[in-house]
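**Student:** Sending over a structure as structure tokens; questions will come in a sec.
The values are calculated or read from the model by the stated rules, or taken from the named source; none is laboratory data. Nothing here was measured: the structure is a model prediction, and the numbers come from that model. For neighbour counting, all protein chains shown are included, and Cβ atoms are generated from backbone atoms with ideal geometry for every residue, glycine included. Note: areas computed on protein heavy atoms with side chains; ligands, DNA, RNA excluded. Shrake-Rupley method; radii C 1.70, N 1.55, O 1.52, S 1.80 Å.
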Amino acid sequence: MNSESRPNTWVIEEARAYLRASQLIEQHAKNDDLALYWPAAMNAALASELYLKSFLVESDPDNPGDNEDPQGYLKLVSDLPRNKHDLFALYNAIPTDLAEQLRKTSKRLSPGFQLEKWIKDCSTLFVGTRYPYEAKSTRDFDTDVLRLAPHLDHIVSVMSEEFDAAKILQRVRQGQETVHSAADVRKDLDLDD
């Protein structure tokens, strides 16, 4: 598999846009427009889905980068469950080492947050809130479901920082990058008086 850095920052940025939309809509819902809780929940669920998918992407060999678009495109890994909107199935598809780090980071950041419970509870929220007029749609939900996406955002932010730090440390150990003292950095940046 031609994997990208995990969690993938491009997918995380997409998730953050839906999280921000959810939070803005939720603010309006709190101002007595209760019907807006549905689109807030749908956007929060989509953000959560994207945060989980940020662990499950790889380079798309059919759409590689070129001179005009050097980044190229991504695609989901091929061995995902059939329902690619089921949060719990996506969570269970995350490679074991990354899933373990995700759980540990969650516990470290918010010791009482029951990550797997919230993922299960929100697992079908995106599909269930999209079309409320359909018989199989979600009929009601607790607004606490809006807590999962911000928690996942916090987790992937910390994990990304830790992955970046580990990459730098590896380059330093391999002699590919030098370590600079704080005094040298201050001098280089003209921070000394």
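**Student:** Restricting attention to segment 86-104, does a residue exist that is in a helix (DSSP H, G or I), over 19 Å from THR9 (Cα atoms), of a type in the set (S, T, N, Q) and more than 16 Å from the chain's Cα centre (by Cα)?
**Tutor:** Yes, segment 86-104 contains a residue that is in a helix (DSSP H, G or I), over 19 Å from THR9 (Cα atoms), of a type in the set (S, T, N, Q) and more than 16 Å from the chain's Cα centre (by Cα).
**Student:** Could you identify the single residue in GLU14, GLU58 that is at pLDDT 95 or above and not aliphatic (A, V, I, L, M)?
**Tutor:** GLU14
**Student:** What are the pairs, 6+ residues apart or on separate chains, where a residue within segment 137-164 that is in contact (Cβ under 8 Å) with a residue 24 or more places away in the chain and aromatic (Phe, Trp, Tyr) has its Cβ under 9 Å from a residue that is open to solvent by 30 Å² or more (accessible area, probe 1.4 Å) and assigned to a helix (DSSP H, G or I)?
**Tutor:** PHE141/TYR37; PHE141/TRP38; PHE141/ASP121
**Student:** What's the total number of residues in segment 105-138 that are not in a helix (DSSP H, G or I) and not polar (S, T, N, Q)?
**Tutor:** 10
**Student:** Considering segment 112-142 alone, what residues qualify as being of a type in the set (A, V, I, L, M, F, W, C) and either under 18 Å from SER48 (Cβ atoms) or open to solvent by less than 80 Å² (accessible area, probe 1.4 Å) (or both)?
**Tutor:** PHE113, LEU115, TRP118, ILE119, CYS122, LEU125, PHE126, VAL127, PHE141
**Student:** I would also like to ask the following. Give the residue, chosen from LEU191, LEU109, that is touching a residue at least 12 places away in the same chain (Cβ under 8 Å), open to solvent by 40 Å² or more (accessible area, probe 1.4 Å) and farther than 30 Å from LEU34 by Cα.
**Tutor:** From the options LEU191, LEU109, the qualifying one is LEU109.
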